[in-house]
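For reference, the structure discussed in these notes is given below.
Only the coordinates and a few stated rules stand behind these numbers; no lab work does. All figures in this text were calculated on a predicted structure; none of them were measured in a lab. As a convention, Cβ positions derive from the backbone with ideal geometry for all residues, glycine included, and neighbour counts pool all protein chains shown.
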Amino acid sequence: MSTDCIKTAAAVGGGISPYAVLYVDDEEQALKYFKKALGNSFDILTATGVDEALAVLEAQSPRIGILLTDHRMPTKTGVELLARVKAFWPEIMRILVTAYSDKDSAIEAVNCGAVYKYLSKPMDLAHMKQVLGEAMRRFVDTKDRNAVIAEKGDLFERAIVADRVRTAAMMAAGISHHVRNSLTAVNCFFEEMGDKVAVTRSGSPGNGAGSEKDEYLDELLLLADQERVRLVGMISDVEARGVRRNFLFNEQLDLAALVSSAVAAAGLAAAASGHPLNVCVKVPVGAARVAVNEAAVVRMLGTLILHADRYSPDGSTVRVVADGLIPYWGTAAARVRILGAGPAWREEDVAAFFTPFSIVSKAPNDFGLDLLDAFQTALGHEGDIVAHGAAPAGPGFEVRLPLNPAAVRRPALSAARPSSMPAPA
């Protein structure tokens, strides 16, 4: 769906809305009548019960603006459905249809905020059309307003993270310089120590090679040397990953193929570590073609899949979902959500995801370099990665990839920086 389509519908308010109405009723005849009566004014989706409605919402919630549901249905009621929708898709306008005898239930639902309005049976067609029109306009206005607020918030958050990443890169470069100078002396020490140990062994009767003291000293020297090599490699790795890359976008690739490659790569990495990976993918073939560096984006998506799995309970499934195009800084972008399972992620972990050397609860030995690299890849494609710690957007990651990075017209990062925030060097 293009940006122009959304703006035109919101501004004019005529014709069929780009967002659908989901009507839930256990009576098939009522569903057919509703669709026939209002199909020329609204995009109508239907469901015959609560469970079916939840399945439709799970698959198509981004395109649903209004949920209209009957109250009395077998097994589960409309009020129960509305409460569930309020918790997981709170932006959807919720309308309850009920008989006069259920009026108390409707009033209770209104009072607790579960519904926008309620309609009594039998429904008057003209009144119902008016209510749906008002609800849809309110939904579109709210969605547009939230999109503007979210864009400003994303820009500010991106400025903070980018400053943090750049500062980390500068710090790593400086540390690398000083550490390498210091390690020159350390290297000399190892060489001298090795020579002295050899002299001591040759001139000390009864303490020749192969003694317990020699074995202990050899192990100690080997361990110290391994840590020296590890330290140099770690600093060099951060120094390399902390720099924003300039990618070449030679061709547009199908998003579904990129996700498939990323899932395969993540599966191989998980298998190598002895941890099975379960992934459910809902990315339609042909839904979007994006101009990307294939290897970098596959690595980025694979990294996010592995981290979502890390923060999910053992044996659970990571979901990878692409739910259409979104307006994005003057152009269109594909949105990929990589969702974990289980409870919400800790706020301190989410805040530290893209910062190297931060200690996170699930991976205390992880330097954070993989997620830093993933963020830099998104940045290099003029896109974004946002970590959501809790429902309804998470727990998981949201990746926004512009179809054409060159078409992005995002304000400079400095435009989002408060006057109290220093500009990066």
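Across the range 79-99, the residues whose backbone nitrogen lies under 16 Å from the label position 7 Å along the beta-carbon direction of H127 are 95-99. List the residues, sorted by chain then number, that are 5 or more residues from M73 or on another chain and whose placed amide H is less than 5 Å from its amide H. For M73, the qualifying residues are G78.
Computed extension gain for A59 through Q29, at 0.36 nm per residue and net of the alpha carbon distance, reaches 8.4 nm. Residues of the range 290-307 falling in the label zone of N404, defined by backbone nitrogen less than 17 Å from a point 7 Å along Cα to beta-carbon, are 290-293. Cα-Cα pairs above 14 Å in the range 294-353: how many percent? More than 14 Å apart: 66 percent of the Cα pairs in the range 294-353.
As an exercise, use a Förster radius of 41 Å and the Cβ-Cβ distance of A99 and V281 to find the FRET efficiency, rounded to the nearest 0.05. The computed FRET efficiency comes out at 0.45.
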